[in-house]
1. Any chance you could count how many residues in the range 63-116 are farther than 24 Å from ALA128 by Cβ and in a loop (DSSP other than H, G, I, E, B)?
2. Quick one: ALA32 ticks every box in (1) of a type in the set (A, V, I, L, M, F, W, C); (2) under 25 Å from PHE125 (Cα atoms); (3) assigned to a loop (DSSP other than H, G, I, E, B) except a single one, so which number is it?
3. Name, by its number, the condition in (1) touching a residue at least 60 places away in the same chain (Cβ under 8 Å); (2) assigned by TED's automatic domain parsing to the domain that holds THR12 that does not hold for VAL35.
4. Kindly evaluate GLN76 against the criterion of being polar (S, T, N, Q) and either on the phi > 0 side of the Ramachandran plot or surrounded by fewer than 16 Cβ atoms within 10 Å (Cβ to Cβ) (or both).
5. Can you name every residue in the range 92-110 that is surrounded by 14 or more Cβ atoms within 10 Å (Cβ to Cβ) and either at pLDDT below 90 or over 20 Å from GLU13 (Cβ atoms) (or both)?
6. Just one of (1) within 12 Å of the chain's Cα centre (by Cα); (2) buried (at least 20 other Cβ atoms within 10 Å of the Cβ) trips up THR88, so point out which.
Amino acid sequence: MSFRKVRNAHKTENTEDYLELIAELLNSKGEARIVDIANELSIAQATANKTIQRLHNQGFIKKQPYRSIFLTVKGQQIASKSKKRHNTVLKFLMNLGIDQKTASADAEGIEHHVSEKTLKKMEKFNSAKKIV
């Protein structure tokens with residue numbers, strides 16, 4: 001049973017990471033381009049382009065050749081949920097006393113695999129701690 005949950009999480013984590021990154025680029029730079037995505041992920045532009053095309057075909061993003069990439073409402077919802085989950089896990093780890101760099105790296109993996117039940121407990125713990 002837990003193996004199935006992990007496999008399912010692996011199927012969505014790449015999509016979530018890309019959508020979250022696109023949202024961050026749009027917020028910080030006003031645009032999200034293939035070159036920026038590839039640089040942020042330390043991957044080849046061709047690799048980023050393949051994933052962007054898949055996300056476009058799935059209705060998560062809007063794009064035109066040689067133009068910025070934008071999230072659809074569907075893409076925005078997933079990016080927002082993913083970012084919230086990431087922040088909850090990050091704050092939880094930091095509230096446990098983990099340093100920012102380690103907590104940030106660990107949160108990146110945990111955020112895709114944490115259950116809603118555990119996430120709610122983390123949120124409750126974070127609210128009670130009020131450290132971060």
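The values are calculated or read from the model by the stated rules, or taken from the named source; none is laboratory data. Only a predicted model underlies this, so the values are computations on that prediction, with no experimental measurement involved. A quick note on method: Cβ atoms are made from the backbone with ideal geometry, for glycine too, and the neighbour counts reach across all protein chains shown.
1. Of the residues in the range 63-116, 9 are farther than 24 Å from ALA128 by Cβ and in a loop (DSSP other than H, G, I, E, B).
2. Answer for ALA32: the failing condition is (2).
3. Among (1) touching a residue at least 60 places away in the same chain (Cβ under 8 Å); (2) assigned by TED's automatic domain parsing to the domain that holds THR12, VAL35 violates only (1).
4. Considered against the rule, which asks whether it is polar (S, T, N, Q) and either on the phi > 0 side of the Ramachandran plot or surrounded by fewer than 16 Cβ atoms within 10 Å (Cβ to Cβ) (or both), GLN76 comes out as no.
5. MET94, ASN95, ILE98, GLU108 - these are the residues of the range 92-110 that are surrounded by 14 or more Cβ atoms within 10 Å (Cβ to Cβ) and either at pLDDT below 90 or over 20 Å from GLU13 (Cβ atoms) (or both).
6. Against the list (1) within 12 Å of the chain's Cα centre (by Cα); (2) buried (at least 20 other Cβ atoms within 10 Å of the Cβ), THR88 comes up short only on (1).
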